[in-house]
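The values are calculated or read from the model by the stated rules, or taken from the named source; none is laboratory data. Quick caveat: nothing in here was measured; it's all calculated off a predicted structure. Neighbour counts run over all protein chains shown; Cβ positions are idealised from the backbone, glycine included.
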Amino acid sequence: MKAAASISLLVGLLLAMFNMYVAWQHNPQCEFHCDGTINWLNWFGVGASWLIVSSLVIFSLTMAGRAVWFKVFKLRSDT
């Protein structure tokens, strides 16, 4: 379980960093930076939302896949 949590956080962090980069490059209507000022709250909000959502989804899929994996091999070993 620790490995699944670590991997999901790492992948979530990579996805969050990528989306923060895209948001920085796109920067609609000076939402994240404009004229030398940086709006940290909006920019980190993008990263935090991607980190939380993607980590939870990846962790849930990993744990569900693990449960199915063990269920399948438990059934095979019983027969």
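Can you tell me which residue within segment 58-79, out of those that are among the hydrophobic types (A, V, I, L, M, F, W, C) and more than 22 Å from SER8 (Cα to Cα), is modelled with the lowest pLDDT?
LEU75
State the number of residues belonging to segment 38-64 that are under 21 Å from the mean Cα position of the chain (by Cα) and either among the hydrophobic types (A, V, I, L, M, F, W, C) or over 28 Å from MET20 (Cβ atoms) (or both).
Residues that pass the stated criteria total 17.
SER55: modelled with pLDDT of 95 or more, surrounded by 10 or more Cβ atoms within 10 Å (Cβ to Cβ) and of a type outside the set (Lys, Arg), yes or no?
Yes; evaluated as a whole, the condition is true for this residue.
Just one of PHE70, PHE44 is part of a helix (DSSP H, G or I) and surrounded by 13 or more Cβ atoms within 10 Å (Cβ to Cβ); which is it?
Checking each option against the conditions leaves just PHE44.
Just need a number here: residues in segment 21-41 that are of a type in the set (Asp, Glu) and surrounded by 12 or more Cβ atoms within 10 Å (Cβ to Cβ).
1
How many residues are in a helix (DSSP H, G or I) and over 22 Å from GLY12 (Cα atoms) if we restrict to segment 23-41?
Within segment 23-41, residues that are in a helix (DSSP H, G or I) and over 22 Å from GLY12 (Cα atoms) number 3.
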